[in-house]
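To keep things clear, I will list the structure first and then write my remarks on it.
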Amino acid sequence: MSRTRTALLAALALVAGASGTALAVAPGDAGIAAVPCTVDYKVQNQWDTGFTAAVTITNNTTAKSSWSLKWAYAGNQKVTSGWNAKISQSGTAVTAANESYNGTLATGGSVSFGFQGSYSGTNAVPATFTLDGVTCNVDGGTDPTDPTDPTDPGGGTKVDNPYAGAKVYVNPVWSALAGAEPGGSRISNQPTGVWLDRIATINGVSGGMGLRAHLDEALKQKGSGELVVQLVIYNLPGRDCSALASNGEIGPTEIDKYKTQYIDPIAAILADPKYASLRIVNTVELDSLPNLVTNVTPRATATANCDTMKANGNYVKGVGYALNKLGGIPNVYNYVDAGHHGWLGWDDNFSTTVQTLKQAATAEGATVSDVAGFITNTANYSALKEQYFTINDSVNGKSVRESKWVDWNRYVDELSYAQAFRAEAVKQGFDSGVGMLIDTSRNGWGGTARPTGPGATTDVDTYVTGGRIDRRIHVGNWCNQSGAGLGERPQASPEAGIDAYVWIKPPGESDGASSAIPNDEGKGFDRMCDPTYTGNPRNNNNMSGALPNAPLSGHWFSAQFQELMKNAYPAL
């Protein structure tokens, strides 16, 4: 879809949104191609915890003898009862199918149904509707019953959640490494991210698979259904200014090199019509923008490199350029890194980080519409859900927030943080349909050390430490953590506002070398990867908790892979 067309739809949506009505475009509007179907979704009545809605579908394609309409909620809405349709809901995904008496839907014909629902927080109108698999309210959809339909064959219209109803690409390189490990065949068929962390990875390093080779393989895996390919865009100028293990090849001032030698070639490949049927998900520039909030002067955690990157603006410019160039491709979905709760969950970090992300999302020609969502916990270890204590608990008159582990954070796990981050992003002007991804590749924390109930109520520290799922020495520890395990397996729409649990960091790939290793990849040595290191202000001067004998970041680390399988939760 062209940017002009996108802007027109957005403008119409704003007008419609004022009355709580989903965008409906009449077929034959001057200058606009007829849409395959329109959906008019009206919130008729709304109160503190509930609402009623009326939905009208108009079919502009081949006549139907039955129909099925699908949408996904961005918030906590739940359908409780309905009429004139068979309505079911799984997580955030809703399906409304015809009753026996209203399945016929002629070309140009309409059908209506209604329902009652509950909600908490906001009650946003769904962003996307599909009728029998065809996206409504936009041009470029296809009619699967009409072989002569000349419109885009499956890649021209963005869906609300690219993971919904889709398989996800299994990287054969990672799969082979995992399958060669003892017991590794139990997970070697799981989808993981493809990391483009150097210019050379675009064409393939030392004869290995490049971006085109991965996309060609993805087309083979796709078959007749939908398939998501997960890419990691990770090569900013002055990359990872606070952690030496993942420094990059592009210097702090080389923004033009980043644009012309890295982003532009990736964009050219992704825009190839050959790959239009794939849903391509980009995780955009990990650990970059949050560093401009937490690791700059006057913070105690400031580094000279992060001060440089904030001053020259190249993180903001680079991310903005990437979002603009990649987000303009119809089948590409950008998810911007949002750190994790143990980094950004404090009051002085949280909303400021969203402001910084919005600054980047409106830089270099980008708009918030180039952001499909955000991703948390990438390549990190924060527990998905703390089962045995909440942020609202207190022990002997002391709040959990006062414990040494929580340390006044507002969040104790990734799910609560991710849902709150999404809400804050919408509040600050991102699209209401943005979704969240959570990397669960290494946050299972199973095995014999996993608690089975709350800690003792002797004092607040005993209570939290005894019951916490996350067994790290300190929440600031991030490198090759001892005791970590595989987390929830990748899945779509697991919770409200969460597009998917994903394994973006491939299990078994090192976070960084435990000692200095000369290399031509631009990767330094960070003491946080050294198991003998006694820490710094970012982990409150605790031991690093890292495994010994680790290779360079991104290289295969067999001992870590075995550790992750041993401590998987759910168990393998």
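Side notes on the structure shown:
- About its Cα centre, region 163-238 has a charge dipole of approximately 80 debye under the convention of +1 per Lys or Arg Cβ and -1 per Asp or Glu Cβ, with nothing else charged.
- Considering only the chain, percent of DSSP beta bridges that pair antiparallel, nearest 5: 65
- With DNA, RNA and ligands ignored, accessible area of V55 (1.4 Å probe; Å², nearest 10): 0
- Of the solvent-accessible surface of region 411-516, computed with a 1.4 Å probe and all protein chains present, 49% belongs to carbon and sulfur.
- Using a probe of 1.4 angstrom and keeping all protein chains present, the accessible surface of region 417-511 works out to 28 square angstrom per residue.
- Net lengthening on full extension, A268/T390 (0.36 nm per residue, minus Cα-Cα): 39.2 nm
- By the combined test of axial Cα extent (at least 15 Å) and Kyte-Doolittle hydropathy (mean at least -1.0), the qualifying DSSP H helices of the chain come to 3-17, 211-222, 314-327, 347-361, 414-427.
- Structural descriptor for the chain: relative contact order 11 percent, calculated from alpha carbon pairs under 8 angstrom and at least 6 residues apart.
- Accessible surface of S558 - all protein chains present, 1.4 Å probe, nearest 10 Å²: 50
- Length-normalised contact order for region 457-572 - Cα pairs under 8 Å, 6+ apart - percent: 33
- Note that the chain, at 37 °C in a medium of 0.692 mPa s, gets a Stokes-Einstein diffusion coefficient of 133 µm²/s from its Kirkwood radius over C-alpha pairs.
- Working from Cα pairs under 8 Å separated by at least six residues, relative contact order for region 60-105 is 48 percent.
- For C136, the solvent-accessible surface computed with a 1.4 Å probe is close to 10 Å², ligands and nucleic acids excluded.
The values are calculated or read from the model by the stated rules, or taken from the named source; none is laboratory data. This structure is a prediction, so every number in the text was calculated from the model and none was measured. FYI the Cβ positions are ideal-geometry reconstructions off the backbone, even for glycines, and counts take in every protein chain you see. Protein only, heavy atoms only, side chains kept; ligands, DNA and RNA dropped before computing areas. Shrake-Rupley method; radii C 1.70, N 1.55, O 1.52, S 1.80 Å.
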